[in-house]
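Undergrad: Below are the structure tokens for one structure; questions will follow.
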Amino acid sequence: MDLTATTTVRKPASEVYAFWRDLENLPTFMAHLEEVRAAGDRTSHWSAAAPFGKDVEWDAEITEETPGERIAWRSTGDADVPNAGTVSFVPAPDGASTEVYVSLVYEIPGGSLGKAVAKYFGEEPHQQLDDDLRRFKQVLETGEVVRSDGAPWGKRARKEFPQRPAQPLSDAELAKGAQA
Amino acid sequence: MRANTWSGRNKVEVRDVPDPKILNHRDAIVRITSTAICGSDLHLVDGYVPTMQDGDVLGHEFMGEVIEVGSGVPGDKLRVGDRVVVPFPIACGACAACAAELYSCCENTNPNAGIAEKMFGHPVAGIFGYSHLTGGFAGGQAQYARVPFADVGPLKIESELTDEQVLFLSDILPTGYMGAEMCDIQPSDVVAVWGAGPVGQFAMDSARVLGAAKVIAIDKEPYRLQMAEQAGHIPVNFDDVDVRSRLLELTGGRGPDKCIDAVGLEATHGSAHIAAYDRVKQAVRSETERPHALRQAILSCRSGGVVSVIGVYGGLLDKFPAGAWMNRSLTLRTGQCHVQRYMKPLLQRIERGELDPTRIITHTLPLDEAERGFDMFKNKQDNCEKVVLKP
């Protein structure tokens with residue numbers, strides 16, 4: 001499955017690039033990731049969040065990096081869901097912003113894992129990546145993912161429809177967190 | 001805390017809900033001292049705005065005292081104890097829209113941007129108490145509210161002005177003012193305003209402040225027209241006269257130079273069959289608006305004039321007079337108000353006595369009587385123009 005998405009972030013390309021290049025930042029805005037741990041300079045270990053497929057982990061390596069312009073990576077070894085991605089950073093015409101172009105490729109396996117991944121992406125797979133990039137922009141421009149009473153759990157927002165009412169959370173709901 | 005909530009079409013209910021807490025580090029919690037019912041709340045209650053849920057806390061016009069700030073709010077921006085008016089659109093201050101002072105189009109404050117994008121093509125900012133389409137933020141018809149990006153939006157009130165004098169800086173005064181500002185008013189201009197509700201009244205006052213030669217108020221409620229007349233505007237009752245003919249009479253046959261639609265999607269119409277057509281289409285959801293005011297404004301405006309739309313629209317409308325608009329070189333301007341842009345200059349106009357926002361307040365009720373306030377306002381009982389609620 002091939003996905004592309006784009007957004008514009010009102011920060012210089014060097015800064016936007018640096019945030020993405022620190023792959024450990026990716027789970028702050030990408031809903032399907034639980035954790036990314038840098039292993040070496042270009043190698044990393046990724047684990048997926050439960051809705052994407054429980055206990056799915058893989059190693060990845062950066063295959064190309066041009067500071068301020070482009071990063072490409074791919075999973076290595078026998079990943080359960082082989083995947084690869086590239087992201088390009090292009091200065092926007094306003095002189096202040098950076099256009100971010102993301103392209104991801106997933107090889108969806110057969111069996112129950114394939115079903116879980118397909119279900120995760122749903123009928124509109126691009127929506128996931130669009131939402132990821134919206135949060136990426138929020139984190140870079142405002143410092144964090146924006147929460148509301150109706151959608152209090154940041155990157156889990158899509159799981160929340162129909163939403164809880166737009167009224168403040170109780171202490172119990174807050175304590176339970178995203179699983180509530 | 002007590003809060004007024006949406007509990008289904010045509011139903012509001014004041015209930016006990018949890019107190020708000022800080023969720024993002026640039027939040028503040030405000031103890032609300034005054035809040036108001038807005039005409040656009042009626043669109044929610046009447047069921048014309050989708051994505052409302054049972055229990056949603058209503059209200060986007062509120063002010064009060066800061067009682068808590070998140071770790072990301074710099075002390076030179078906002079501190080506990082500050083008295084603030086809160087603008088209804090939530091804006092981050094950092095995106096391209098905010099940099100262009102298009103705060104109600106903020107690109108970052110709507111967690112449900114994906115839904116808004118499907119409806120509007122591009123997302124819009126989060127708004128307090130105004131459906132999940134605009135973020136699912138609890139509103140301000142309550143004892144307390146969480147205010148995100150508290151370092152960007154809230155306006156500190158450091159003078160002795162009363163709540164009633166500054167409360168409407170949260171929405172309707174800037175909204176009315178922006179409606180007039182978009183008209184690019186010249187000293188020779190006759191400005192006609194459709195709708196003599198609170199926003200219409202402020203659009204009329206703003207048109208006068210911006211130098212219009214003559215301001216005309218169009219409505220059907222005698223008490224609202226009387227209120228406009230007392231403020232120096234010329235009343236036209238569309239129940240009594242043909243609006244277009246009357247406007248021609250008042251302008252030497254030219255038509256108003258600038259027209260403001262302060263009505264929006266639930267207009268009533270003098271012509272029963274056109275009204276019935278739109279009502280039926282609205283009922284079967286093949287049209288979401290009843291745009292009589294907008295149609296009439298476009299047809300009435302003089303050639304080369306401006307039609308400025310501040311009444312709320314939510315979806316699709318029919319029978320848009322595109323021919324009149326195109327062939328007569330009309331300019332159509334609109335927008336949800338970019339409140340943050342206008343709060344300080346309008347506060348100064350209030351301080352200088354150029355604008356008196358208190359003139360529209362007809363009722364002040366305790367928050368617990370919000371339901372009665374909604375009924376009176378919606379049904380125009382007891383000459384109701386504007387209801388202020390006290391939590």
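Undergrad: Just want the answer: with Cβ charges of +1 for Lys and Arg and -1 for Asp and Glu, which residue in B:GLY8, B:LEU58, B:PRO74 is farthest toward the dipole's positive end in region B:1-98?
TA: In region B:1-98, that residue is B:PRO74.
Undergrad: Can I ask one more? Using a 1.4 angstrom probe, figure out how much accessible area the protein assembly as shown has per residue, in square angstrom, rounded to the nearest whole. Can you show the working numbers first?
TA: Values: 22680 Å² over 571 residues.
Value for the protein assembly as shown: 40 Å² per residue.
Undergrad: Can you give the Rg to Rh ratio for region A:2-146, taking only C-alpha atoms and Rh from Kirkwood?
TA: Numbers: Rg = 14.9 Å, Rh = 15.5 Å.
In region A:2-146, Rg relative to Rh is 0.96.
Undergrad: OK, next. Taking the alpha-carbon set of chain B, what are its Rg and Dmax in Å?
TA: Using the Cα atoms of chain B, the pair Rg, Dmax is 20.0, 61 Å.
Undergrad: Let me ask something else. Report, to the nearest whole %, how much of the accessible area of chain A belongs to carbon and sulfur atoms, 1.4 Å probe, protein only. Provide the component values of the computation, followed by the final result.
TA: Working: 4100 of 8330 Å².
So the carbon and sulfur contribution to the accessible surface is 49 percent.
Undergrad: While we're on this one: At 30 angstrom or more along the helix axis (alpha-carbon based) and mean Kyte-Doolittle of 0.5 or higher, what helices does chain B contain? Whole DSSP H runs only.
TA: Working: long enough: none.
Length and hydropathy pass: none found.
Undergrad: Give the separation of the Cα centroids, region A:24-62 to region B:99-160, in Å.
TA: After rounding, the separation between the Cα centres reads 32 Å.
Undergrad: Return a whole-number percent for the relative contact order of region B:173-334, with Cα pairs under 8 Å and 6 or more residues apart as the contact set.
TA: Over region B:173-334, the number comes to 22 percent.
Undergrad: Pairs to check: A:LYS176/B:LYS21; B:LYS281/B:LYS319; B:LYS220/B:LYS281; A:LYS11/B:LYS344; B:LYS77/B:LYS156; B:LYS220/B:LYS319. Give those whose C-alpha atoms are more than 18 Å from each other in this structure.
TA: B:LYS220/B:LYS281; A:LYS11/B:LYS344; B:LYS220/B:LYS319
Undergrad: For chain B, what relative contact order do you get, as a whole percent, if you take Cα pairs closer than 8 Å and at least 6 residues apart?
TA: Values: 957 pairs, mean separation 68.4, N = 391.
With pairs under 8 Å counted, the relative contact order is 18 percent.
Undergrad: How many angstrom lie between the C-alpha centres of region A:69-121 and region B:1-50?
TA: Taking the Cα centre of each part, region A:69-121 and region B:1-50 sit 40 Å apart.
Undergrad: With a 1.4 Å probe and all protein chains kept in place, how do A:TRP153, A:TRP46 rank by accessible area, largest first? If you can, show how the numbers build up before the last one.
TA: Details: A:TRP153 40, A:TRP46 10 Å².
So the residues, ranked largest to smallest area, are A:TRP153, A:TRP46.
Undergrad: Then there's this: Can you give the charge dipole size of chain B about its Cα centre, rounded to the nearest 20 debye, using +1 on the beta carbon of Lys and Arg and -1 on the beta carbon of Asp and Glu? Write down the numbers at each step before the final one.
TA: Working: 40 positive and 49 negative charges, 157 e Å.
My answer is approximately 760 debye.
Undergrad: Across all directions of projection, what mean area in square nanometres is found for the Cα convex hull of region A:70-168?
TA: Working: hull surface 35.2 nm².
Mean orientational projected area (region A:70-168, Cα hull): 8.8 nm².
Undergrad: Using a probe radius of 1.4 Å on protein heavy atoms only, what is the accessible area buried between chains A and B, both sides summed, to the nearest 100 Å²?
TA: On the way: alone 9750 and 15740 Å², together 22680 Å².
Adding both sides of the contact gives about 2800 Å².
Undergrad: What's the average, rounded to a whole number, of partner chain beta-carbon atoms within 10 Å of each residue's beta-carbon in B:88-94?
TA: Numbers: counts 0, 0, 2, 0, 6, 2, 9.
Mean shielding count: 3.
Undergrad: Let me ask something additional. To the nearest 10 Å², what's B:PHE374's accessible area with a 1.4 Å probe?
TA: Answer for B:PHE374: close to 10 Å² accessible.
Undergrad: Shifting gears a bit: Just for the Cα atoms in region B:297-391, what are the lengths along the principal axes, largest first, rounded to whole Å?
TA: Between the extreme Cα coordinates on each principal axis of region B:297-391 lie 51, 35, 22 Å.
Undergrad: Using +1 at the Cβ of each Lys and Arg and -1 at the Cβ of each Asp and Glu in region A:2-146, identify which of A:THR8, A:TYR101, A:ASN83 lies farthest towards the dipole's positive end.
TA: Final value for the positive-end residue is A:THR8.
Undergrad: Here's something else I'd like to know. Run the 1.4 Å probe and let me know the accessible area of B:THR35, rounded to the nearest 10 Å².
TA: The accessible area comes out at roughly 0 Å².
Undergrad: Moving on to the next point. Taking only DSSP H segments of four or more residues, each worth -39500 (n - 2.57), what value at 222 nm results for the protein assembly as shown once the sum is divided by all its residues, to the nearest 500 deg cm²/dmol?
TA: Numbers: 17 runs with 156 residues, N = 571.
That comes out to -8000 deg cm²/dmol.
Undergrad: Could you work out the relative contact order of region A:2-146? I mean the mean sequence separation of Cα pairs under 8 Å and 6+ apart, divided by the number of residues, in percent.
TA: Values: 288 pairs, mean separation 42.7, N = 145.
Relative contact order comes out at 29 percent.
Undergrad: Looking at the protein assembly as shown only, what percent of DSSP beta bridges run antiparallel? Nearest 5 please.
TA: Working: 67 of 94 bridges.
Of those bridges, close to 70 percent are antiparallel.
Undergrad: Students sometimes get this wrong: rank A:LYS54, B:LYS258 by accessible area, probe 1.4 Å, all chains present, largest first.
TA: Working: A:LYS54 155, B:LYS258 15 Å².
Sorted descending by solvent-accessible area, the residues read A:LYS54, B:LYS258.
Undergrad: Let me ask something additional. Provide Rg over Rh for region B:173-334; use the alpha carbon set for both Rg and the Kirkwood Rh (inverse mean inverse pair distance).
TA: Numbers: Rg = 14.5 Å, Rh = 15.4 Å.
Result: Rg/Rh = 0.94.
Undergrad: Summarise the partner chain shielding of B:340-351 as one whole number: the mean count of Cβ atoms from other chains within 10 Å of each residue's Cβ.
TA: Working: counts 0, 0, 0, 0, 0, 0, 0, 0, 0, 0, 0, 0.
Average per residue, whole number: 0.
Undergrad: Mind checking the dipole of region A:2-146: about its Cα centre, +1 per Lys or Arg Cβ, -1 per Asp or Glu Cβ, Debye to the nearest 20?
TA: Numbers: 13 positive and 26 negative charges, 43 e Å.
Value, rounded to 20: 200 debye.
Undergrad: Is the C-alpha gyration tensor of region B:63-150 telling us rounded, prolate or oblate? Criteria: a/c under 1.5 is rounded; beyond that, a/b larger than b/c is prolate, otherwise oblate.
TA: Values: a/c = 2.54, a/b = 1.54, b/c = 1.64.
Oblate is the answer for region B:63-150, as a/c is 1.5 or above yet b/c matches or exceeds a/b.
Undergrad: To continue, here is another question. Please give the solvent-accessible surface of A:GLU24 in Å², to the nearest 10, using a probe radius of 1.4 Å with every protein chain present.
TA: 90 Å²
Undergrad: Taking a cut-off of 19 Å between Cα atoms, list the aspartates and glutamates near B:LYS380, but don't count ones fewer than 8 places away on the same chain.
TA: Output for B:LYS380: B:ASP41, B:ASP46, B:ASP219, B:GLU221, B:GLU229, B:ASP239, B:ASP240, B:GLU266, B:GLU369, B:GLU371.
Undergrad: I've got another one for you. About its Cα centre, how strong a charge dipole does the protein assembly as shown have in debye, to the nearest 20, once Lys and Arg get +1 and Asp and Glu get -1 at the Cβ? Write down the numbers at each step before the final one.
TA: On the way: 60 positive and 79 negative charges, 247 e Å.
Roughly 1180 debye for the protein assembly as shown.
Undergrad: How much of the accessible area of chain B, in percent, comes from carbon and sulfur atoms when a 1.4 Å probe is used? Display every interim value, and only then the final one.
TA: Details: 7140 of 14350 Å².
Here carbon and sulfur together make up 50 percent of the probe-accessible area.
Undergrad: Still on this model: For the protein assembly as shown, max minus min Cα coordinate along each principal axis, in Å, sorted largest first?
TA: The Cα atoms of the protein assembly as shown stretch 82, 53, 44 Å along their principal axes.
Undergrad: Could the peptides B:172-182, B:227-237, B:212-222 be put in order, highest first, of the mean number of other beta-carbon atoms found within 10 Å of their residues? Please list the in-between numbers first.
TA: Working: B:172-182: 27.3, B:227-237: 18.5, B:212-222: 21.5.
Answer by packing, highest mean first, reads B:172-182, B:212-222, B:227-237.
The values are calculated or read from the model by the stated rules, or taken from the named source; none is laboratory data. As the structure is a computational prediction, the values presented were derived from the model and not from experiment. Positions of Cβ are backbone-derived with ideal geometry, glycine not excepted, and every protein chain shown enters the neighbour counts. Accessible surface is based on the protein model in full, side chains and every heavy atom, while ligands, DNA and RNA are left aside. Shrake-Rupley method; radii C 1.70, N 1.55, O 1.52, S 1.80 Å.
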